[in-house]
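Q: Quick one: the structure is below, and I'll ask about it shortly.
The values are calculated or read from the model by the stated rules, or taken from the named source; none is laboratory data. Source: prediction; values computed, not measured. Cβ: placed from backbone, ideal geometry, glycine included. Neighbour counts: every protein chain shown.
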């Protein structure tokens, strides 16, 4: 295989198509297999909907107010705590509490569900002491679905780099992180889809050693007894003028948390190393939030 062409490996995990592109390694097929198996492992460990996952058995079905975290889970929750704090609590992994309520009582209206879930959710509902996760409310539930997909992307890049890959692109369901540049020294050109037609590219961005995630609320929905809501759950809802938010950040996990938070509160400040692109309800592109006050 010519060295300027990638080794490409595809599989499905975490409900999305996954693609691994690796450059510059004679062991690319073995590295791709390691990435695939690790992705399946993370999916099994942190699956909110599986009765056998660590997340369900050890955390969401806990019998007390503390859970001992293994080294990997400690890293995950420490990172999440930083992202929750950095988004002023808008990004909230305890939203699983609301999903748990709806799974157990489909007759709840949106207002009723949020009223009941309010004590179970939010930044104050949990904290970390040493390697213990402390949860104050018995019924607090964590949903790490998107988080673990992005964590898997970051781990895939780490695997690739540590195993001698010179450049890589990891794409799990449109959440992307790249390592280095293409062999011709060009950046990876990554497309963001049209919110009204998901098979069409709307614009593209060059990426080098960075991640891109897009959060949008125009496809999947959450069902309450009195109607539907975006799958991005927030009591005040997603912002009516924002169709999608694309974020470029050093890691996929950071990009994903920030893009999710900005669909709810688009005026949140972001770190200097983060770039943001909004698509508004008129299909116009913005790199700042001036459009919110027009």
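Q: Looking only at strands (runs of 3 or more DSSP E) that fall completely inside the range 1-72, which ones have 2 or more residues that are at pLDDT 95 or above and within 15 Å of residue 153 (Cα to Cα)?
A: Numbers: elements: 7-13, 16-23, 66-68.
By residue number, 7-13, 16-23.
Q: Scan the range 74-98 for residues that are outside any loop (DSSP other than H, G, I, E, B) and touching a residue at least 24 places away in the same chain (Cβ under 8 Å) and report the count.
A: Filtering the range 74-98 down to residues outside any loop (DSSP other than H, G, I, E, B) leaves 74-86, 93-98.
Now restrict to residues that are touching a residue at least 24 places away in the same chain (Cβ under 8 Å): 74, 76-81, 83-86, 93-98.
Result for the range 74-98: 17.
Q: Could I ask something else about it? Could you check how many residues of the range 162-183 are farther than 13 Å from residue 28 by Cβ and out of contact with any helix residue (DSSP H, G or I) (no Cβ under 9 Å at 6 or more places or on another chain)?
A: 5
Q: What number of residues within the range 252-294 satisfy the criterion of being out of contact with any strand residue (DSSP E or B) (no Cβ under 7 Å at 6 or more places or on another chain), farther than 15 Å from residue 216 by Cα and buried (at least 16 other Cβ atoms within 10 Å of the Cβ)?
A: Residues that pass the stated criteria total 4.
Q: Please pick out the residue among 103, 158 that is over 21 Å from residue 49 (Cα atoms) and either part of a helix (DSSP H, G or I) or not assigned by TED's automatic domain parsing to the domain that holds residue 259 (or both). Give the derivation first.
A: Details: 103 fails: over 21 Å from residue 49 (Cα atoms).
Answer to the check: 158.
Q: Is it fair to say residue 29 is surrounded by 14 or more Cβ atoms within 10 Å (Cβ to Cβ), under 26 Å from residue 178 (Cβ atoms) and over 23 Å from the mean Cα position of the chain (by Cα)? Walk me through it before giving the result.
A: Working: surrounded by 14 or more Cβ atoms within 10 Å (Cβ to Cβ): no; under 26 Å from residue 178 (Cβ atoms): yes; over 23 Å from the mean Cα position of the chain (by Cα): yes.
Taking the combined requirement at face value, the residue does not satisfy it.
Q: Considering 69, 108, 133, 101, which residue is buried (at least 21 other Cβ atoms within 10 Å of the Cβ) and in contact (Cβ under 8 Å) with a residue 12 or more places away in the chain? Talk me through it step by step, then tell me what you get.
A: Values: 69 fails: buried (at least 21 other Cβ atoms within 10 Å of the Cβ); 108 fails: buried (at least 21 other Cβ atoms within 10 Å of the Cβ); 101 fails: buried (at least 21 other Cβ atoms within 10 Å of the Cβ).
On inspection, the qualifying residue turns out to be 133.
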